[in-house]
Amino acid sequence: MAGLNQTVRFGKVYLVGAGPGDPGLLTLRGKTLLECADVVIHDALVSDPILQMITPQAEVINAGKRRGNHSMLQPAITDLLLQKARSHAVIVRLKGGDPYVFGRGGEEMLALVEAGVPVEVVPGITAGVAAPAYAGIPVTHREYSSSVMFITGHEAAGKYRPDINWQAVARAAETIVIYMGIRNLPNILAELSQAGLPNHTPIALVRWGTRPEQEELVGTLDDIVAKMSAAEFSAPAVAVIGQVVDLYPILRVGKPALLGEGKPAATEM
Ligand code: SAH
C-alpha cells in the first residue's frame with residue numbers, strides 16, 4: 001500500500017481583491033496578507049502603490065494578462081498556484097477589483113479546491129461600483145434607479161458574437177454597468193438601442209477609475225461612440241448606462257479630495 005498515506009502538504013492560497021487602484025480602497029485583511037506573504041502572484045490591473053505594500057521578503061510574480069500580450073495563460077497560472085502551494089505557506093493571488101467579479105477567481109479557486117489546497121477569499125471593491133462612485137455616479141439612487149446589472153462586454157477574439165440577451169438586459173436593469181466593453185461598445189449600444197433603450201439615455205465611461213489618471217467621458221446612447229473616437233478613449237474603463245449618470249456633474253465635485261494622499265482636503269468655502 002506504499003504511497004497511499006503520502007499526503008501532500010499545501011500552504012494556503014488567499015485570493016485577494018486589490019480594489020480598483022486607489023491604495024486606500026484595499027481591505028485591511030488584504031493589506032495584512034500582503035505584509036506576510038511568501039509568494040504574491042498578481043494581475044496587470046493591480047496598481048503600483050498596492051504592489052509596494054508587499055513585503056520585500058515575498059517572491060512577486062506578474063501573471064498579468066492584457067489583450068494582445070498574454071504573459072501567462074490561465075492554465076499556467078493555476079499550475080503555478082499549485083506549485084507554489086506545495087512549497088510555501090502563504091500564497092497570495094492578487095487580482096484587481098473583486099476577484100469573483102469577471103476576474104476568473106472562481107475558476108482558479110475551483111482548481112485549487114479540487115487539488116485539496118486550503119483557500120480563502122478576500123473580497124475587493126469592484127471597479128463597476130468604485131469607478132462610477134469616484135466619478136460622482138451612484139449606481140443606484142431611490143429616484144433614479146433601483147436595480148443595477150454588471151455585464152461583461154468582452155468577446156472571444158474574432159467576430160462579434162453576442163451571447164448576452166441585450167433585449168432582456170435593456171428591460172431588466174435601470175443601471176447597466178459594462179466591464180471590458182470599450183472595444184465592443186458600438187455593437188453593444190446598437191443592441192441596446194434595438195432593444196428599445198431611448199437614444200437620449202445618459203452614458204458615462206470611466207477610465208482608470210480611482211487612480212490619479214482617472215478620466216471620464218459622458219454622453220448619450222446616440223453620441224457617446226463619436227465622442228469616444230474623437231477623444232481616442234481606451235480601456236480599461238467601465239461604461240455606466242442609465243439615469244444615475246445625470247448625477248455626474250453634481251456629485252463629481254468630491255474628486256480632488258478622494259484622489260489625494262488619503263487625507264481628505266478641507267472643504268472649500
Ligand atoms: N475583477 C475586476 C474586473 C476585472 S475585468 C473588478 O472587480 O473590478 C477587467 C475590467 O474591469 C476592465 O476591462 C475594466 O472594464 C474594469 N476595470 C478594472 N479596473 C478599472 C478601473 N480602475 N477603472 C475602470 N475600469 C476598471
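Structure notes:
- Between Thr210 and any residue 5 or more places off or on another chain, the built amide H atoms are never under 5 Å apart.
- Taking only protein heavy atoms and a 1.4 Å probe, the accessible area of the chain is 55% carbon and sulfur.
- Placing dummy labels 7 Å off each Cα toward the beta-carbon, the span from Lys227 to Gln167 is 3.0 nm.
- Placing +1 on the Cβ of every Lys and Arg and -1 on the Cβ of every Asp and Glu, with nothing else charged, gives the chain a dipole about its Cα centre of roughly 460 debye.
- R0 of 51 Å, Cβ-Cβ distance His200-Ala89: FRET efficiency to nearest 0.05: 0.35
- Label-to-label distance for Gln243 and His154 is 3.3 nm, based on points extended 7 Å past Cα in the beta-carbon direction.
- Anisotropy class of segment 15-124 from Cα gyration tensor, a/c 1.5 cut: rounded
- Probe 1.4 Å - accessible area at Trp208, Å² to nearest ten: 50
- Taking a span of 15 Å or more along the helix axis (Cα atoms) and a mean Kyte-Doolittle hydropathy of at least -1.0 as the rule, the DSSP H helices of the chain that qualify are 74-87.
- Relative contact order of segment 12-125, defined on C-alpha pairs under 8 angstrom at six or more residues apart (%): 43
- The heavy atoms of Ser229 offer some 80 square angstrom of accessible surface to a 1.4 angstrom probe.
- Accessible surface computed residue by residue for the chain, with neighbouring protein chains in place and a 1.4 Å probe, gives 52 Å² per residue.
- The 1.4 Å probe gives accessible areas that order Phe10, Phe150, Phe233, largest first, as Phe150, Phe10, Phe233.
- Our note on the geometry: Cα centres of segment 182-201 and segment 9-81, 35 Å apart.
- Across the protein chains, with a 1.4 Å probe defining accessible surface, the residues Tyr100, Tyr14 rank Tyr100, Tyr14 from largest area downward.
- At q = 0.13, 0.16 Å⁻¹ the log10 of I(q)/I(0) for the chain amounts to -0.90, -1.21, computed by Debye summation with a single uniform scatterer per C-alpha, solvent ignored.
- Heavy-atom SASA rank of Arg142, Arg93 (probe 1.4 Å, accessible area, largest first): Arg142, Arg93
- For the chain, modelled as a GNM whose springs connect Cα atoms under 10 angstrom apart, the maximal fluctuation among Asp163, Asp43, Asp79 occurs at Asp163.
- For the chain, relative contact order (Cα pairs under 8 Å, six or more residues apart, normalised by length) works out to 19 percent.
- Here each label is just a point 7 Å from Cα along the line to Cβ, and for Thr140 and Lys31 those points are 2.9 nm apart.
- Among Val113, Leu51, Asn184 - extreme Cα towards positive end, dipole of the chain, charges at beta-carbon: Val113
- In a simple Cβ point-charge model (Lys, Arg +1; Asp, Glu -1; nothing else charged), segment 12-125 has a dipole of about 120 debye relative to its Cα centre.
The values are calculated or read from the model by the stated rules, or taken from the named source; none is laboratory data. Computed from a predicted model, the values in this text were never measured in an experiment. We place every Cβ from the backbone using ideal geometry, glycine too, and count neighbours over all the protein chains shown. For accessibility, only protein heavy atoms count, side chains too; no ligands or nucleic acids. Shrake-Rupley method; radii C 1.70, N 1.55, O 1.52, S 1.80 Å.
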